[in-house]
1. Looking at 93, 122, can you tell me which residue is more than 26 Å from residue 182 (Cβ to Cβ) and either modelled with pLDDT under 85 or out of contact with any Leu (no Cβ under 6 Å at 6 or more places or on another chain) (or both)?
2. Any residue that is in contact with a Leu (Cβ under 9 Å, 6 or more places away or on another chain), outside any loop (DSSP other than H, G, I, E, B) and either over 27 Å from residue 188 (Cβ atoms) or open to solvent by 60 Å² or more (accessible area, probe 1.4 Å) (or both) - is there at least one of those in the stretch 244-251?
3. Quick check on my filter: what residues within the stretch 109-134 are closer than 15 Å to residue 184 by Cα and out of contact with any Phe, Trp or Tyr (no Cβ under 7 Å at 6 or more places or on another chain)?
4. Among the residues of the stretch 164-210, write down those that are farther than 30 Å from residue 150 by Cα and outside any strand (DSSP E or B).
5. Quick one: count up the residues across the stretch 128-153 that are acidic (Asp, Glu) and under 30 Å from the mean Cα position of the chain (by Cα).
6. In the stretch 162-181, is there at least one residue being open to solvent by 50 Å² or more (accessible area, probe 1.4 Å), more than 21 Å from residue 276 (Cα to Cα) and without any contact (Cβ under 8 Å) to a residue 12 or more places away in the chain?
7. So which of 325, 312, 285 ends up being touching a residue at least 40 places away in the same chain (Cβ under 8 Å) and open to solvent by 90 Å² or more (accessible area, probe 1.4 Å)?
8. Within the stretch 211-228, can you find the residues that are among the hydroxyl-bearing types (Ser, Thr, Tyr), part of a loop (DSSP other than H, G, I, E, B) and open to solvent by less than 80 Å² (accessible area, probe 1.4 Å)?
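The values are calculated or read from the model by the stated rules, or taken from the named source; none is laboratory data. Here the structure is a predicted model, which means the values were calculated and not measured. Please note: Cβ atoms are built from the backbone with ideal geometry, for glycine as well, and neighbour counts cover all protein chains shown. Each accessible area value is taken on the protein alone, full model and side chains, heavy atoms only, with ligands, DNA and RNA left out. Shrake-Rupley method; radii C 1.70, N 1.55, O 1.52, S 1.80 Å.
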Amino acid sequence: MSVATAADPVITVTEIVSVLHRETAAPQLLAGTSSKQNAGFTFTHGLLMGQLSVIIILFTFIRFFIFSNGGNLSESPRPVGHDKDKRLRKKQSSILRSSPPMPARSILARTYYNVETHPPESLDWLNVLVAQTISQFREDARSNNNILHSLDKILNGDSLPRFLDTVHVTELDIGEEFPIFSNCKVYPCEDDPGRLEARIDVDVADSITLGIDTRILLNYPTPLMAILPVSLSVSIVRFSGQLTMSLKTIPPSSNTDRRTSLTFSFAPDYRLEFSIKSLVGSRSRLQNLPKISQLVESRIRKWFVERCVQPRFQEITLPSIWPRRKNTREAFSSRYD
């Protein structure tokens, strides 16, 4: 019993020492293994892994947040600005109230214009403005003989017949009087009740004269078989008629936007008076032949009827009247200073 009792403490101490030794060596072994692994994973590998992760994040952001088409990734990307224009049109449509065009009767009622009882207007202010415009046009036409050079190009253009020689302008008078507009009234258009038209009486008493010299070439049966000199002077001394003016909206097309045009025409019962003088021949001259006067007058009337007499009309596209900076001007001195 005493031997067993003495041996038990020795065995117990030995076992305790071995256990402590094993516990102390295990962390060292683990530390050695970890150091070997860390030695294999270098700084270069970490840098490459970081760069690769950044590239993957950027690619994912660009693919799914910038070039995304709202869920359907197979569709091609829309043009730049398409979504912005669509949102802008949607916003404008929600702000601007869509209403049908205002009829002519509503416009007359809102402006307190009664077609039946409203008296005709004299348009004295318009006469002054038109007179200033025509006066400036005459000054520009007289400077440096601009109108004379223009007439030479027109009269001797490609449309000159072969039996006429060169045309020379011998007399030119662009007048000194001005047209007088009066008796203006507004009515709904007969062909389009949704539009309004103004009917104005026009009267011009002036002398607008053009005189020319040329030669008629007789080329049959041989070229230049005979030459007949001709002198002609045509004067418009009076014009009166009813002018019809209206504003017309031109629908937008594929290449143009919605535009506004000014249309004007004259009633068929207009009055146009001429004074025509002619001189034919070189030696035995024939003056003021009625046949020549009738021919010239009929050609001028035909030209006017085919362009300006109802049902035909002239249409002039008006420029935009919206105020723009590029059209702004400033006077040197203001009367309000």
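1. 93
2. Yes, the stretch 244-251 has at least one match.
3. Residues satisfying the conditions are 113, 114, 116, 117, 118, 119, 120, 121, 122, 124, 125.
4. Passing the criteria: 189, 190, 191, 192, 193, 194, 195.
5. Final tally of qualifying residues: 1.
6. no
7. Sole residue among the options that is touching a residue at least 40 places away in the same chain (Cβ under 8 Å) and open to solvent by 90 Å² or more (accessible area, probe 1.4 Å): 312.
8. Answer for the stretch 211-228, where residues must be among the hydroxyl-bearing types (Ser, Thr, Tyr), part of a loop (DSSP other than H, G, I, E, B) and open to solvent by less than 80 Å² (accessible area, probe 1.4 Å): just 222.
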